[in-house]
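Notes follow once the structure below has been shown.
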Amino acid sequence: MTIQHHPFGPSRLGQRAACPGSYSFTLGDEDETNADSEEGSTLHAYVAHGVEGTTPEEGELPPLDLEQEERVEECVEFFLGITREARGQIGKHTELTMALDTSEGTWAPYGTCDLVVIHKESRTAWVVDWKFGRNELAEDSAALQMAGYAALVLQRCEVNTVHVRIYQPRLGRTYQATHLEGEPIIERIEGIRDAALADGAPRVPSADACRYCSGATRCPELTAQSMAVAVNTDRLPTHPDAVDEMYDKVQAAKKFLAKLEAELKDRIREGLSNNWTTQEKGGKRKIANPAGLYRALHETVPLDEFIALGSWPMEKVRKLSGLKAKAFNEVLEPFVKKGDDYTAIVRKRKEVEDV
Ligand code: SF4
């Protein structure tokens, strides 16, 4: 499924602000889909059902594996947390598409909010965006995206306070901010649009801007930067600013190469290769019912060794057991082996203020 987003819609603002030239360079391109975006659409649809208290029709959506089910449940839990925070009667809307009124007229349809919860009495709204990827958020882009949604909701939903949240269940992280005024946000959006429409708007490669750019494999600036960073590895920087700059360039180059590889694979699928071809393979088998499998094997397979084979969603097992966290951890202790510690690279968190 291809969803065409508004060229200055909330999810595009970060890219347009970082790379104004991306607008004219990718004009007319279709939004790209891949396995991750399709999985994201499916999970969003399940969460919308969970929030609405409905179940998908037979065949409406692909089935989920255990991990995906757990992520969906966590999103629905997150929604329930907001309803508790709202304290009282609320209105809820999933996949709410709205138009933005700007100084030059209405941009319709401008943006779609995954979830909007409205507490009429206090004229307060919560806007939630679910992100199922495993990537760290680029905070400037995230702040702009959620500010864009806040501006919409402040204009359209008769509220004067909007709490925005991005929930990333696979990282267990939440981004949050509060917006009270839509006008400054709309001025900022118009500024980003004007810079993008200006003659000679520059193309400025960066990991965050290029990550989702449909023009990445044909962009001269990204190509040049990727080549330059690759031939400079004998002069690695020593100053922290230069390390940060080069690290960002390497992230952008990785996106460039990944997109190039994906496009070459398309050529190979079309038969345009001497050395490479395609082969159909069956999907990976997954154990949908571990308890049933254990019951079938328990005479020959010790429980601790069976458990050691799997990656069990802990929160789901705890809920199944009906135990509180402390009691559950005591039961778990003999069966759990912690993975090796490792050092992850994460973004430094910034203080978030109204845009
Ligand atoms: S690939 Fe990067 S630098 Fe080139 S247009 Fe797209 S966002 Fe801009």
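Observations on the structure shown:
- Qualifying helices (runs of 4 or more DSSP H) (wholly inside the range 1-85; at least 2 residues being at pLDDT below 95): 10-18, 35-52
- Residue check, GLU95 modelled with pLDDT of 90 or more, in a helix (DSSP H, G or I) and not basic (Lys, Arg): no
- Qualifying residue in the range 261-276 (condition: at pLDDT 90 or above, within 26 Å of the chain's Cα centre (by Cα), surrounded by 14 or more Cβ atoms within 10 Å (Cβ to Cβ) and within 14 Å of the ligand (Cβ to nearest atom)): no
- Being more than 17 Å from the chain's Cα centre (by Cα), within 16 Å of the ligand (Cβ to nearest atom) and assigned by TED's automatic domain parsing to the domain that holds ALA138 is not true of PRO56.
- Filtered by the rule that a residue be within 14 Å of the ligand (Cβ to nearest atom) and farther than 15 Å from SER206 by Cβ, the range 16-36 gives TYR23, SER24, THR26, LEU27, GLY28, ASP29, ASP31, GLU32.
- Only listed residue being in contact with an Asp or Glu (Cβ under 6 Å, 6 or more places away or on another chain) and more than 8 Å from the ligand (Cβ to nearest atom), chosen from THR238, THR217: THR217
- Candidates LYS281, LYS319, LYS348, filtered to the one that is without any contact (Cβ under 8 Å) to a residue 24 or more places away in the chain, among the basic types (Lys, Arg) and closer than 30 Å to MET227 by Cα: LYS348
- Test: residue in the range 261-274 that is touching a residue at least 40 places away in the same chain (Cβ under 8 Å), over 30 Å from VAL127 (Cα atoms), not assigned by TED's automatic domain parsing to the domain that holds ASP101 and not aromatic (Phe, Trp, Tyr): yes
- Failed item, numbered, when ILE186 is tested on (1) within 16 Å of the ligand (Cβ to nearest atom); (2) more than 20 Å from the chain's Cα centre (by Cα): (1)
- Condition broken by ARG193, with the remaining ones in (1) buried (at least 16 other Cβ atoms within 10 Å of the Cβ); (2) within 13 Å of the ligand (Cβ to nearest atom) satisfied: (2)
- Of LYS324, LYS348, all but one fail to be at pLDDT below 80, among the basic types (Lys, Arg) and surrounded by fewer than 14 Cβ atoms within 10 Å (Cβ to Cβ); the exception is LYS348.
The values are calculated or read from the model by the stated rules, or taken from the named source; none is laboratory data. Nothing here was measured: the structure is a model prediction, and the numbers come from that model. Cβ sites come from the backbone with ideal geometry, for glycine too, and all protein chains shown count toward neighbours.
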